[in-house]
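The values are calculated or read from the model by the stated rules, or taken from the named source; none is laboratory data. This one's a predicted model, so the numbers in the text were calculated from it and none came from an experiment. Virtual Cβ from ideal backbone geometry, glycine too; neighbours counted across all protein chains shown. In case anyone asks, the SASA skips ligands and DNA or RNA and just uses the protein heavy atoms, side chains included. Shrake-Rupley method; radii C 1.70, N 1.55, O 1.52, S 1.80 Å.
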Number of protein chains: 2
Amino acid sequence: MIRSHLKAALIQASFSDDRDENWHKLKPLLEQAAARGNQLVVLPELHNGAYFCQHEDNREFTRAEAIPGPTTEFLSTLAARLRLVIIGSVFERRAAGLYHNTAIVLDSNGNLAGSYRKMHIPDDPGYYEKYYFTPGDTGFQPVQTSLGKIGVLVCWDQWFPEAARLMALAGAECLVYPTAIGWDPADDENEQQRQLDSWVITQRAHAISNGLPLLAANRHGHESGPSSNTNGIDFWGNSFICGPQGEILSQAGVNEDCLLETEINIDQCEKVRQTWPFLRDRRIDAYSGLTQRFLEDIAAGITNGEKTTNGEKND
Amino acid sequence: MIRSHLKAALIQASFSDDRDENWHKLKPLLEQAAARGNQLVVLPELHNGAYFCQHEDNREFTRAEAIPGPTTEFLSTLAARLRLVIIGSVFERRAAGLYHNTAIVLDSNGNLAGSYRKMHIPDDPGYYEKYYFTPGDTGFQPVQTSLGKIGVLVCWDQWFPEAARLMALAGAECLVYPTAIGWDPADDENEQQRQLDSWVITQRAHAISNGLPLLAANRHGHESGPSSNTNGIDFWGNSFICGPQGEILSQAGVNEDCLLETEINIDQCEKVRQTWPFLRDRRIDAYSGLTQRFLEDIAAGITNGEKTTNGEKND
């Protein structure tokens with residue numbers, strides 16, 4: 001179990017396409033985090049370079065690396081020296097032709113405590129991730145660290161309440177989301193605001209539904225598209241930390257490199273779950289449909305459902 | 001399918017403990033809703049009287065009635081005369097010793113289109129619902145009406161993303177939540193604000209996750225507790241309607257009887273689901289744990305899980 005209070009932080013930053021330059025930016029922020037007494041630091045998704053998924057290009061696979069590998073080593077050394085649990089992000093080469101978008105967890109002794117391969121992979125204009133990343137096959141398992149069990153999820157996962165719930169049921173004591181999300185500059189201001197609000201709200205709701213604190217670390221800054229056909233992405237920053245009632249504890253602006261920190265009262269999380277006992281009242285006898293793609297057509301007898309190939313119908 | 005635009009409304013009101021007085025209040029508001037061109041109106045939970053679940057008292061069961069019964073008849077007559085789809089709420093007597101907290105759906109020809117028996121039942125100080133209401137056994141099935149499929153859920157259901165998701169998978173075209181929720185006057189202002197924010201956020205998140213508009217109709221006003229041991233409940237109003245990006249379209253204040261109305265662009269809902277294709281990317285191969293009570297102890301071999309009594313472990 002995590003101790004009664006946890007000093008947790010995240011780093012929001014813009015990133016260039018030079019790995020060493022990005023590491024040079026992250027290192028003093030991690031040192032500052034440790035100097036200020038933080039125990040856990042979350043980095044944004046794919047912090048080693050530009051968000052390369054704005055196009056589909058075979059050459060981008062040269063960015064991939066093994067775990068352990070250079071990024072694991074870089075963060076491990078810092079974790080051990082600074083006595084920090086660090087959550088980083090790697091474009092993982094698992095085998096030739098098999099790559100993942102993977103979060104790694106370095107324990108405060110420098111050991112690789114575990115990793116999480118992004119389960120939900122987006123694919124929409126400007127975010128061509130299905131080309132690069134094989135969907136994770138490890139399920140939703142929190143990573144055991146010296147601070148407790150960390151429910152590590154990545155970016156697109158944040159739109160799926162199923163992921164947060166499964167992490168909570170598996171014993172996660174907080175949820176963290178390394179992220180790279182932004183606006184299409186062509187969208188109008190109202191649409192941009194709706195998208196940002198949705199992103200914040202859906203994650204605050206995971207905190208509420210599961211009685212868990214949550215940290216979402218995003219990048220910021222404009223990154224040009226690889227061709228003149230695209231507008232590029234305005235990564236929207238707004239990284240935040242919220243408590244187990246979804247209450248915002250700390251939030252970054254749109255455009256700033258920063259260390260965002262908070263002290264999480266872990267005992268308070270249990271009190272919140274006692275006040276709002278959602279885990280007590282889940283109707284697990286009536287949730288089997290959640291493992292189906294769609295139920296309307298199954299009910300109508302048009303399809304059998306992906307799990308019921310022997311002809312039995314789902315309830 | 002619901003037509004391309006739907007004029008939908010909800011009624012927020014305080015209620016006395018006199019059924020006829022409450023009906024006398026609701027009737028002109030329903031007439032006003034119809035006169036203003038609305039097609040669908042949602043009423044708050046248990047609108048026939050006081051929120052009687054503040055204590056456990058055998059005499060309260062005399063409030064229960066059959067479906068169809070007096071409330072069905074009252075709303076059916078109005079629905080047919082006003083050409084409205086009305087969603088009402090009944091303390092249902094299903095059999096001696098078997099009672100439910102049930103939402104009824106009257107179609108615009110006055111027919112009872114269907115009902116929904118509240119699946120998740122709360123029980124905490126001031127909300128002793130487990131004493132009165134048997135958990136629903138009909139699952140999460142939207143009700144087919146002349147306007148389309150309505151995903152009817154009730155109050156405590158709003159804290160469970162599973163319920164909203166299952167309604168969406170079963171083809172619901174909007175989500176509605178008749179509700180009775182409020183503050184404990186003994187809680188301080190910050191806690192009260194966190195609770196209200198949580199209530200709004202968790203429902204907006206259901207709209208976002210599922211790309212569906214949502215209507216939450218609450219009561220307002222102070223209702224004294226039945227004994228001097230309790231502070232009573234300050235029902236917090238704040239009924240609202242949001243669109244499929246969780247964007248607030250209309251919201252009531254804390255203390256007002258009102259008709260809240262909006263025009264929902266149903267075509268826009270499909271566009272939102274195309275922009276954010278969450279249903280496409282659900283990892284149904286990895287969600288089986290959602291039908292378990294808890295997974296941490298199962299993984300540790302301490303329990304077998306409620307569904308795996310033959311000794312096999314869940315993944």
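Numbers below:
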quantity	calculated
Nonlocal amide H pairs with residue B:254, under 5 Å, H built at 1.01 Å	B:238
Options A:292, B:268, A:168, ranked by Cα towards positive dipole end of the protein assembly as shown, top entry (Cβ charges)	A:292
Positive minus negative residues near residue B:250 (Lys, Arg vs Asp, Glu; Cβ under 11 Å)	-3
Carbon + sulfur, % of accessible area of the protein assembly as shown - ligands and nucleic acids excluded, 1.4 Å	46
Alpha-carbon centroid distance for the pair the stretch B:114-131 / the stretch B:158-232, whole angstrom	13
Shielded residues, the stretch B:182-227 - accessible-area loss of 30 Å² or more between chain alone and all protein chains, probe 1.4 Å	B:194, B:195, B:198, B:201, B:204, B:205, B:208, B:209
Interface size B-A, as summed buried accessible area [1.4 Å probe, Å², nearest 100]	5700
Calculated label separations, residue B:27, copies of the chain, 7 Å along the beta-carbon direction, nm	8.0
The stretch B:28-187 shape via C-alpha gyration tensor axes, a/c threshold 1.5	prolate
Above-threshold pairs, the threshold being 30 Å between Cα atoms, out of A:7/B:130; B:7/B:27; A:130/A:271; A:25/A:118; A:271/B:7	A:7/B:130; A:130/A:271; A:271/B:7
Debye log10 I(q)/I(0) at q = 0.08, 0.09, 0.12, 0.15 Å⁻¹ for the stretch B:5-276, Cα point scatterers	-0.28, -0.36, -0.66, -1.08
Using θ = phi - 60° and Karplus 6.51 cos²θ - 1.76 cosθ + 1.60, couplings along the stretch A:253-258 (whole Hz; Gly, Pro as x)	x, 6, 10, 7, 6, 7
Residue A:249 long-range amide H proximity, modeled H, under 5 Å	A:241, A:242, A:243
Per-peptide average of other Cβ atoms within 10 Å, ordering A:11-18, B:211-218 highest first	B:211-218, A:11-18
Label geometry 7 Å along the beta-carbon vector: residue B:80 inter-copy distances in nm	8.1
Phi to ³J(HN,Hα) by Karplus 6.51 cos²θ - 1.76 cosθ + 1.60 over the stretch A:33-39, Hz, x for Gly, Pro	4, 5, 4, 8, x, 6, 10
Value of relative contact order over chain A, rounded to a whole percent, pairs C-alpha under 8 Å and six or more apart	18
Surrounding net charge for residue B:15, when Lys and Arg each add one and Asp and Glu each subtract one, Cβ distance under 13 Å	-3
Shape category assigned to the protein assembly as shown from the gyration tensor of Cα positions, a/c cut at 1.5	prolate
In Hz, Karplus ³J(HN,Hα) per residue of the stretch B:273-278 (6.51, -1.76, 1.60; θ = phi - 60°; x = Gly, Pro)	5, 6, 5, 10, x, 5
Å² per residue, accessible surface of the stretch A:5-276 at 1.4 Å	34
Gap separating the Cα centres of the stretch A:13-45 and the stretch B:50-71, nearest whole Å	59
Candidates B:160, B:294, B:74, ranked by Gaussian network fluctuation over chain B, Cα under 10 Å, top entry	B:294
